[in-house]
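The values are calculated or read from the model by the stated rules, or taken from the named source; none is laboratory data. Model, not experiment: these values are computed from the prediction. In this analysis, Cβ positions are derived from the backbone assuming ideal geometry, glycine residues included, and neighbour counts consider all displayed protein chains. Quick note on the areas: whole protein, heavy atoms, side chains included, nothing else; ligands and nucleic acids left out. Shrake-Rupley method; radii C 1.70, N 1.55, O 1.52, S 1.80 Å.
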Amino acid sequence: MKNELIKSPGLVKNANRRQFLKRGTLSVAAAGLLLVGCNDEDDPIPMNPGVNLGSGDIGILNYAYALEQLEAAFYAAVLEGGYFANASAEEKTIMGDLEKHERAHREFFKAALGSNAIESLEVNFSSIDFNSRNSVLATARTFEDLGVAAYNGAGQFLESPDFLLIAGKIVSVEARHAAAIRDLINPGSADFAGDDLIDSNGLERTLSFSEVLTAASSFVTTPIDFSQLPS
């Protein structure tokens, strides 16, 4: 995709859910920890002020950009790990394709947002064993399921039809990823479109901005202020 596809001027998944707080609260809590033991003459320790996603379509695109940064960083780490080195040819092909797709999504949003793009996020994958097939695939399932639900939840708030079209194209790719990962975990089963995701009407679940960022906060260390996004 090229930047010219964006017509607006100036713009160019099932795992632990931990509490995620908005930037202001996180910053206050961090400040309290950092200042313990300091006297009045000590200089405060510099803190990462985090990022503000913004509002409107820009805010939603930055939200998607944040998620794509997380996924791209994860698959880049997967390709460097022991699991990938010893994986079957089929799994190496799948993981290589997923890394390429997520990297392309990340770079697309970065280019589309231009000067409105948030900075690169800091991630923490210490809870993932990149030498373990089970750990890698379980995390991949979390991220892919989360990505689909995130786009489903955010799409309704996009005002630009061009952005909505792009979001629809990306979420369809994320859904293919999710199905592929689930089939690797439990081959030939109905898990590729499991009842934990699909309701009785055949519709995929949606998650709010807060729910998605709560889940992602286990892996993103940069404070994120999403207070201007629709609730």
> Okay, which of the stretch 148-166 sit inside 14 Å, backbone N to the point 7 Å along the Cα-Cβ direction of Ser208?
Replying inline: 153-154
> What are the aspartates and glutamates whose alpha-carbon lies under 13 Å from the alpha-carbon of Lys92, with same-chain residues fewer than 8 places away excluded?
Replying inline: Glu80
>> I'm a student and want to see the number: the projected area of the Cα convex hull of the stretch 107-211, averaged over all directions, in nm².
In response: 8.4 nm²
> For the stretch 76-231, what is the accessible area per residue in Å² when the probe is 1.4 Å?
Replying inline: 48 Å²
> So for the pair Ala89, Asp162, with labels modelled 7 Å out along Cα→Cβ, what separation do we get in nm?
Replying inline: 4.4 nm
> Under 18 Å Cα-Cα from Lys169, which aspartates and glutamates qualify once same-chain neighbours fewer than 8 residues away are excluded?
Replying inline: Glu4, Asp57, Glu68, Glu71, Asp97, Glu99, Glu102, Glu107, Glu144, Asp145, Glu159, Glu204
>> What's the magnitude of the charge dipole for the stretch 86-138 around its Cα centre, counting Lys and Arg as +1 and Asp and Glu as -1 at the beta-carbon? Answer in Debye, nearest 20.
In response: 80 debye
>> Using the alpha carbons of the stretch 173-220, what is the convex hull volume per residue in cubic angstrom, as a whole number?
In response: 106 Å³
> Which cross-chain or sequence-distant (5 or more) residues have an amide H under 5 Å from the amide H of Val51, H modelled 1.01 Å from N in plane?
Replying inline: Ile224, Asp225
> Considering only protein heavy atoms and a 1.4 Å probe, what is the carbon-and-sulfur percentage of the accessible area of the stretch 73-216?
Replying inline: 50 percent
> What is the sum of charges around Ala72, taking Lys and Arg as +1, Asp and Glu as -1, for the other residues whose C-beta is under 9 Å from the C-beta of Ala72?
Replying inline: -3
